[in-house]
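Chemist: Pasting a structure below so you can have a look.
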Amino acid sequence: MSAVVARVADRRWLALGFIAVAQLMIALDATIVSIALPSAQASLHVSAADRPWVITAYTVAFGSLLLLGGRIGDLFGRKRAFVIGLAGFALASAAGGAAPSFGVLIAARALQGAFAALLAPAALSLLAVSFTEARERATAFAVYGSIAGSGAAIGFLLGGTLTQYLSWRWCLYVNIPIALVAAAGGWSVLPASTAGSKPRLDLPGVVLVTAGMAALVYGCADSRPFIALSAVLLALFVWREATTANPLLPLRVVLDRNRGGAYATVLLVIAGMFGAFLFLTYYFQATLRFTPLQAGLAFLPLVVSQQAGSWLIASRLMPVLPPRFLMAPGALVAAFGMLLLVPVPLLAEVLLGVGASCVMVPAFSIATQGVDPRQAGVASATANASSQVGGSVGAAVLNSVVTSSGFAVASAWGAGILLLGAVTAAGLITARRPAGH
């Protein structure tokens, strides 16, 4: 019997490796194309006004379809959703890399976002239901959190390298081997999850939340009037979920104090972090005139400090401390780093990396803890949606402040957002330290 248990445990840790590979692909794809944009623009003869659509097409599709993707995984099997999401992402990446025109590239980026919306909640929910013991869960979420936190910065580094030495198209082609390895490995080691006997989707809820999230992400990225439309659609979605017998998102998932606090904290911290990415990208390339590779390498302190924070601090303290005792100080450290972004960028990167990792590792664990296993996918999707909306809102708001008031004022705004994240974590998250300690 002990040998069987050992084999099951080994498969779980191997499965974690393939989940981590998939999550890395999703996380870095949010930024890997950013550094390649000038080259892609020149190659495909794209105007400066149309260029942001390469980013917006991905974020709108990803953000708007996350809840639907999470629910599909709950109803039809998370392993199946995981593998299909990876296969679709690989195909979309191949189409984007080979794109002969700007329209094809935009369509491919939107497809990447759609398949990422199926893949991301499946990956997180598989992780959540596989690791329940406190120390194992801390280790598993340290892996996930370190990737979720540093993936965007890794995207800048990898994107700069590929663009400078190969071509901007390899920023898309690189996803193909990553996706195929993760899909093949995941299919062989991930546990099968069975669907309910009568899978049902709340179709009106799907339409309302998809349109509402699309309007919100697009509004933040490109057209502010859409934010008002988003508010109306999302309010109707909440009303629908409160009154239907088969909700897409059972409101008890988000009304739980700890989970709701985790979602809100993730949104705020990611908003501040994406502001830092924005400032540093402009500073390295526009002010210091770095090449794409040099700009990518300049993000290394952030990547290294996030990894160190995840493994040396978060994973060790999670099993013995209440989550807010890690998350609130982490957000404060990140806020201080944000204030130093203009005068001392290197120290700022280190503080941002360590602080953010101490928030994200426990936050993703709390966001999926205690939820009905049949709703783990939609809980995971909500966590990912919080991250996606946070990135869109942070980039839009702080970009506006940079344009009107400069980097110093914008960094103060970013610090304020991170400080609000610290207050949210301290005030809302009341979960105790894991049992047994």
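Yes/no per residue for (1) within 25 Å of residue 374 (Cα to Cα); (2) of a type in the set (A, V, I, L, M):
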position: 205; (1), (2): yes, no
position: 209; (1), (2): yes, yes
position: 212; (1), (2): yes, no
position: 219; (1), (2): no, no
position: 225; (1), (2): no, no
position: 233; (1), (2): no, yes
position: 252; (1), (2): yes, no
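Chemist: Still on this structure, I have one more. Is it the case that region 392-408 has a residue that's out of contact with any Cys (no Cβ under 6 Å at 6 or more places or on another chain), closer than 25 Å to residue 252 by Cβ and at pLDDT below 85? Break it down stepwise before answering.
Modeler: First, the residues of region 392-408 that are out of contact with any Cys (no Cβ under 6 Å at 6 or more places or on another chain): 394-395, 397-408.
Those left that are additionally closer than 25 Å to residue 252 by Cβ: none.
The answer is no, given that none of the residues of region 392-408 is out of contact with any Cys (no Cβ under 6 Å at 6 or more places or on another chain), closer than 25 Å to residue 252 by Cβ and at pLDDT below 85.
Chemist: Sticking with this structure for a sec: Residues that are farther than 26 Å from residue 397 by Cα and in contact with a helix residue (DSSP H, G or I) (Cβ under 7 Å, 6 or more places away or on another chain): does region 261-272 have at least one?
Modeler: First, pick out the residues of region 261-272 that are farther than 26 Å from residue 397 by Cα: none.
Checking region 261-272: not a single residue is farther than 26 Å from residue 397 by Cα and in contact with a helix residue (DSSP H, G or I) (Cβ under 7 Å, 6 or more places away or on another chain).
Chemist: A further question on this structure: Can you tell me which residue within region 69-88, out of those that are aliphatic (A, V, I, L, M) and surrounded by 24 or more Cβ atoms within 10 Å (Cβ to Cβ), is nearest to residue 184 (Cα to Cα)? First the steps, then the outcome.
Modeler: Of the residues in region 69-88, the ones aliphatic (A, V, I, L, M) are 72, 75, 81, 83-84, 86-87.
Now drop any that are not surrounded by 24 or more Cβ atoms within 10 Å (Cβ to Cβ), which leaves 72, 81, 86.
On the way: 72: 21, 81: 13, 86: 10 Å.
Out of the qualifying residues, it is 86.
Chemist: One residue is enough: does region 87-102 have a residue meeting the conditions of a type outside the set (Ser, Thr, Tyr) and in contact with a Ser or Thr (Cβ under 8 Å, 6 or more places away or on another chain)? Write out each step before concluding.
Modeler: We begin by selecting, within region 87-102, every residue of a type outside the set (Ser, Thr, Tyr); these are 87-92, 94-100, 102.
So of that shortlist, the ones also in contact with a Ser or Thr (Cβ under 8 Å, 6 or more places away or on another chain) come out as none.
So far as region 87-102 goes, no, none of its residues is of a type outside the set (Ser, Thr, Tyr) and in contact with a Ser or Thr (Cβ under 8 Å, 6 or more places away or on another chain).
Chemist: Quick one: how many residues across region 70-88 are part of a helix (DSSP H, G or I) and closer than 20 Å to residue 180 by Cα? I'd like the intermediate steps shown before the answer.
Modeler: Step one: list which residues in region 70-88 are part of a helix (DSSP H, G or I), which gives 70-76, 78-88.
Next cut, closer than 20 Å to residue 180 by Cα only: 73, 78-88.
Here the count works out to 12.
Chemist: For region 307-316, give me each residue that is under 20 Å from the mean Cα position of the chain (by Cα) and surrounded by fewer than 24 Cβ atoms within 10 Å (Cβ to Cβ).
Modeler: Just the residues of region 307-316 that are under 20 Å from the mean Cα position of the chain (by Cα), to begin with: 307-311, 314-315.
Listed by number, the residues that qualify are 307, 308, 311, 315.
Chemist: Next question. When you scan region 89-178 for helices (runs of 4 or more DSSP H) that lie fully inside it, which ones turn up with 3 or more residues that are buried (at least 21 other Cβ atoms within 10 Å of the Cβ) and of a type outside the set (Ser, Thr, Tyr)?
Modeler: Details: elements: 102-130, 134-165, 170-173.
In region 89-178, 102-130, 134-165 are the helices (runs of 4 or more DSSP H) which contain 3 or more residues that are buried (at least 21 other Cβ atoms within 10 Å of the Cβ) and of a type outside the set (Ser, Thr, Tyr).
Chemist: Looking at this structure, is residue 34 in contact with a Phe, Trp or Tyr (Cβ under 9 Å, 6 or more places away or on another chain), at pLDDT below 80 and in the same structural domain as residue 382 (by TED's automatic domain parsing)?
Modeler: Details: in contact with a Phe, Trp or Tyr (Cβ under 9 Å, 6 or more places away or on another chain): yes; at pLDDT below 80: yes; in the same structural domain as residue 382 (by TED's automatic domain parsing): yes.
Here the answer is yes, as residue 34 does meet what is asked.
Chemist: How many residues are of a type in the set (S, T, N, Q), in a loop (DSSP other than H, G, I, E, B) and either modelled with pLDDT of 80 or more or crowded, with 17+ Cβ neighbours inside 10 Å (or both) when one looks only at region 247-293? Quick ask: steps written out before the conclusion?
Modeler: Kept after step one, since they are of a type in the set (S, T, N, Q), are these residues of region 247-293: 258, 265, 281, 285, 287, 291.
Keeping just the survivors that are in a loop (DSSP other than H, G, I, E, B) gives 291.
Those still in the list that are either modelled with pLDDT of 80 or more or crowded, with 17+ Cβ neighbours inside 10 Å (or both) too: none.
Final tally of qualifying residues: 0.
Chemist: With respect to residue 296, determine if the residue is assigned to a helix (DSSP H, G or I), in contact with a Leu (Cβ under 7 Å, 6 or more places away or on another chain), assigned by TED's automatic domain parsing to the domain that holds residue 419 and more than 21 Å from residue 390 (Cα to Cα). Before you say what the answer is, go through the steps one by one.
Modeler: Working: assigned to a helix (DSSP H, G or I): yes; in contact with a Leu (Cβ under 7 Å, 6 or more places away or on another chain): yes; assigned by TED's automatic domain parsing to the domain that holds residue 419: yes; more than 21 Å from residue 390 (Cα to Cα): yes.
Answer is yes for this residue.
Chemist: Can you work out which of the residues in region 220-246 that are of a type in the set (S, T, N, Q) and either in contact with a helix residue (DSSP H, G or I) (Cβ under 8 Å, 6 or more places away or on another chain) or without any contact (Cβ under 8 Å) to a residue 12 or more places away in the chain (or both) is surrounded by the fewest Cβ atoms within 10 Å (Cβ to Cβ)?
Modeler: Initial filter on region 220-246 (of a type in the set (S, T, N, Q)): 223, 230, 243-244, 246.
Among the residues that remain, those that are also either in contact with a helix residue (DSSP H, G or I) (Cβ under 8 Å, 6 or more places away or on another chain) or without any contact (Cβ under 8 Å) to a residue 12 or more places away in the chain (or both) are: 223, 230, 243-244.
Working: 223: 12, 230: 22, 243: 8, 244: 13.
Restricting to residues being of a type in the set (S, T, N, Q) and either in contact with a helix residue (DSSP H, G or I) (Cβ under 8 Å, 6 or more places away or on another chain) or without any contact (Cβ under 8 Å) to a residue 12 or more places away in the chain (or both), the top hit is 243.
The values are calculated or read from the model by the stated rules, or taken from the named source; none is laboratory data. It should be emphasised that the depicted structure is a prediction, and the values quoted were computed from it without experimental measurement. Positions of Cβ are backbone-derived with ideal geometry, glycine not excepted, and every protein chain shown enters the neighbour counts.
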